[in-house]
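S.K.: Quick one: the structure is below, and I'll ask about it shortly.
The values are calculated or read from the model by the stated rules, or taken from the named source; none is laboratory data. Owing to the predicted nature of the structure, the values given are computational and were not obtained by experimental measurement. Every residue, glycine as well, gets a Cβ built from its backbone with ideal geometry; the counts of neighbours run over all protein chains shown. Note: accessible area is taken over every heavy atom of the protein model, side chains too, but ligands, DNA and RNA are not part of it. Shrake-Rupley method; radii C 1.70, N 1.55, O 1.52, S 1.80 Å.
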Amino acid sequence: MNWRQRSYAAETLRLGGGRLRLRPWASEAGIGLLIQLTPGTAVSDNATAAAVESAVAQGYHRLRTSALSHIESEPFLRAGFKPCQQLALLTRPIQSGLPNLDGRIALRRARRRDRTSVLSVDHAAFEPFWQLDPVGLHEALGATPFRRFRVARQDSDNALAGYAISGRSGPSGYLQRLAISPSQQGQGAGTALVIDGLMWMARWGATQAWVNTPQHNTGALRLYERLGFEPIPPGLQVLELEISGP
């Protein structure tokens, strides 16, 4: 059986204080995604080696990481991973200078029946490397202890213009996902969803907001910087490892 015919199982790997989740990459068969579940610190070299061994045992031919800081990247780089995508990391104080919401954009809580439409918007908005599948959407919704999942539409159109997932953990707020339909970009839906998320974070006492986006996504960068976010160099990176198979 070759890697195109395999069925891959998701698993959580625990070794020492580090935890990594291994699951199939959303858009390409034979590629595994390693998600670091202990953010802010580097996992051990042993944990990295165990993750690679598990990926080999499952038959993956390539392995990619979630977005990592440079400290988090170190054990993977020592194991032979190479950078394949660079992301800008931005932050802003939440409590200061929040603009008003644009009343022309209708926002509401996302419902379970919206998820097919949400994924359609996501696939239209992002290149294949960054697109979510149903598992990825589920993981984004569970990435923080508290979340806000909102969709936007223009008053004159029932189709979704975009969606956002915001999260909170302690004093930090995260804009975890923002996607706007290409036909609706530049018409205020992205701005409204970001402001809505920031206002929700502020109501619950979060003090600092964080967001990341690919460095080549100039439209998103302009939006975030216009709304008071400032870049934090050197940003984040996704790493990749080619695995020698049989």
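S.K.: D114: assigned to a loop (DSSP other than H, G, I, E, B) and either among the acidic types (D, E) or touching a helix residue (DSSP H, G or I) at 6+ places or on another chain (Cβ under 7 Å) (or both), yes or no?
M.R.: Spelling it out, it is not the case that D114 is assigned to a loop (DSSP other than H, G, I, E, B) and either among the acidic types (D, E) or touching a helix residue (DSSP H, G or I) at 6+ places or on another chain (Cβ under 7 Å) (or both).
S.K.: Every residue in the stretch 30-49 that is part of a helix (DSSP H, G or I), farther than 23 Å from F129 by Cα and either touching a helix residue (DSSP H, G or I) at 6+ places or on another chain (Cβ under 7 Å) or open to solvent by 20 Å² or more (accessible area, probe 1.4 Å) (or both), please.
M.R.: Result: D45, N46, A49.
S.K.: Moving to a separate point now. Pairs please, first residue from the stretch 65-82 and under 17 Å from R21 (Cα atoms) and open to solvent by less than 10 Å² (accessible area, probe 1.4 Å), second anywhere and modelled with pLDDT under 95 and in a helix (DSSP H, G or I), Cβ atoms under 8 Å, 6+ apart in sequence or on different chains.
M.R.: The qualifying pairs are P75/D45; P75/A47; P75/T48; F76/T48.
S.K.: It is to be established whether one or more residues within the stretch 94-104 are without any contact (Cβ under 8 Å) to a residue 60 or more places away in the chain and either part of a strand (DSSP E or B) or open to solvent by 20 Å² or more (accessible area, probe 1.4 Å) (or both). Spell out how you get there, then give the answer.
M.R.: Of the residues in the stretch 94-104, the ones without any contact (Cβ under 8 Å) to a residue 60 or more places away in the chain are 103.
From the residues that got through so far, the ones that are either part of a strand (DSSP E or B) or open to solvent by 20 Å² or more (accessible area, probe 1.4 Å) (or both) too are 103.
Checked the stretch 94-104: at least one residue is without any contact (Cβ under 8 Å) to a residue 60 or more places away in the chain and either part of a strand (DSSP E or B) or open to solvent by 20 Å² or more (accessible area, probe 1.4 Å) (or both).
S.K.: Which residues, taken from the stretch 214-232, are more than 18 Å from the chain's Cα centre (by Cα) and open to solvent by 50 Å² or more (accessible area, probe 1.4 Å)?
M.R.: R222, E225, R226, E230, listed by residue number.
S.K.: Checking the condition open to solvent by less than 50 Å² (accessible area, probe 1.4 Å), under 23 Å from V211 (Cβ atoms) and in a helix (DSSP H, G or I), which residue from V52, V121 passes?
M.R.: Details: V52 fails: under 23 Å from V211 (Cβ atoms).
Among V52, V121, only V121 is open to solvent by less than 50 Å² (accessible area, probe 1.4 Å), under 23 Å from V211 (Cβ atoms) and in a helix (DSSP H, G or I).
S.K.: Further question on the same structure: Anything in the stretch 156-184 that is touching a residue at least 40 places away in the same chain (Cβ under 8 Å), open to solvent by 30 Å² or more (accessible area, probe 1.4 Å) and small (G, A, S)? List them, or say none.
M.R.: A159
S.K.: Which of the residues belonging to the stretch 124-155 are under 18 Å from R112 (Cα atoms), surrounded by 15 or more Cβ atoms within 10 Å (Cβ to Cβ) and in contact with a Gly (Cβ under 8 Å, 6 or more places away or on another chain)?
M.R.: The first filter runs over the stretch 124-155 and keeps only residues under 18 Å from R112 (Cα atoms), leaving 132-143, 146-153.
With the extra rule that they be surrounded by 15 or more Cβ atoms within 10 Å (Cβ to Cβ), the set shrinks to 132-133, 136-137, 139-141, 143, 147-153.
Of everything in the stretch 124-155, those that are under 18 Å from R112 (Cα atoms), surrounded by 15 or more Cβ atoms within 10 Å (Cβ to Cβ) and in contact with a Gly (Cβ under 8 Å, 6 or more places away or on another chain) turn out to be A143, R147, R148, R150, V151, A152.
S.K.: Next up: Exactly one condition in (1) touching a residue at least 40 places away in the same chain (Cβ under 8 Å); (2) under 19 Å from Q131 (Cα atoms); (3) in a helix (DSSP H, G or I); (4) not aliphatic (A, V, I, L, M) is false for T191; which is it?
M.R.: (2)
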